[in-house]
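The values are calculated or read from the model by the stated rules, or taken from the named source; none is laboratory data. No experiment lies behind these values; they were computed from the predicted model shown. Cβ placement follows ideal geometry from the backbone for every residue including glycine, while neighbour counts extend to all protein chains displayed. For the accessible areas, the whole protein counts, side chains as well, though only heavy atoms, and no ligand, DNA or RNA atoms are used. Shrake-Rupley method; radii C 1.70, N 1.55, O 1.52, S 1.80 Å.
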Amino acid sequence: ISNAGSGYQSEFTSAKPNQIRDEVNTNILGMYNVVLPMAKRMKSKQSGLIVIVSSLMGRLASPTWSTYGATKAAQLNFSKSLRSELQKFGVNVSVLMPPLVQTDMTKDIVKHSLALTCTMQKLTSSLTNGIVEDKHIILANLESHLILWAYRIWPSLIDFIIKLVSPI
């Protein structure tokens, strides 16, 4: 499981270059550094499973999270390519796309936000079920499925709602 993640909340025009570099280095290069040796080994053994932990924000744009969202979208597209490359060698690739997970680290964000959230228990249950069902994209809860479905049908409405609940 590749679970590297870093994110800074700020308007892009106010972001510090070192924070942008940190997000890109952690979320993209960190993922490569974890996945590459695993992929090589699994390919040679002709079996395995790689899980990349991304974010629902890889599919939904949110103000003040532009670099984070971009890196998470990159993880999603990377996982699609890697899955295509490695399937013929018996290696599966899945991407877990949780919303904001309720943890001690996020409790202040969750308390003052209308953001879509899930519990760690629900996340691990969804991950387990997604692996058993050999899903490429694993979403954490029904709300995540619904918001992505609604985004496909009426993206401007979902963008409007996201802006309403965002902190800027």
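Over the chain, Cα pairs under 8 Å with separation of 6+ residues give a relative contact order of 21 percent.
The simple spin-label model puts a point 7 Å past each Cα toward its Cβ; for I161 and L148 those points are separated by 1.6 nm.
Remark: for residue pairs K72/K135; K72/K163; K80/K163, the C-alpha separation exceeds 21 Å in K80/K163. Within the chain, what whole-number % of the accessible surface is contributed by carbon and sulfur, with the 1.4 Å probe and all protein chains included in the calculation? Ligands and nucleic acids excluded, carbon and sulfur give 59 percent. Could you work out how far helix 120-132 tilts from the main Cα principal axis of the chain, as a 0 to 90 degree angle to the nearest 10? Between the helix axis and the principal axis of the chain, the angle is about 40 degrees.
Full extension of the chain between K40 and D22 gives 3.9 nm of extra length, using 0.36 nm per residue less the Cα-Cα distance. Distance between the pseudo-spin-label points of K122 and S81 (7 Å out from Cα toward the beta carbon): 3.3 nm. In terms of packing, defined here as the mean over residues of other Cβ atoms within 10 angstrom, the peptides 89-99, 144-154 line up highest first as 89-99, 144-154. Per-peptide packing, taken as the mean over residues of other Cβ atoms within 10 Å, places 124-135, 9-20 in the sequence 124-135, 9-20 from highest down. Across the range 53-97, what fraction of all alpha-carbon pairs, as a whole percent, falls in each successive 10 Å bin from zero upward? P(r) over the range 53-97, rounded to whole percents: 31, 43, 20, 6, 0. Computed over the chain, the per-residue total of -39500 (n - 2.57) for DSSP H runs of n ≥ 4 gives a 222 nm mean residue ellipticity of -16000 deg cm²/dmol, rounded to 500.
With protein chains left intact and a 1.4 Å probe, residues in the chain average 58 Å² of accessible area per residue.
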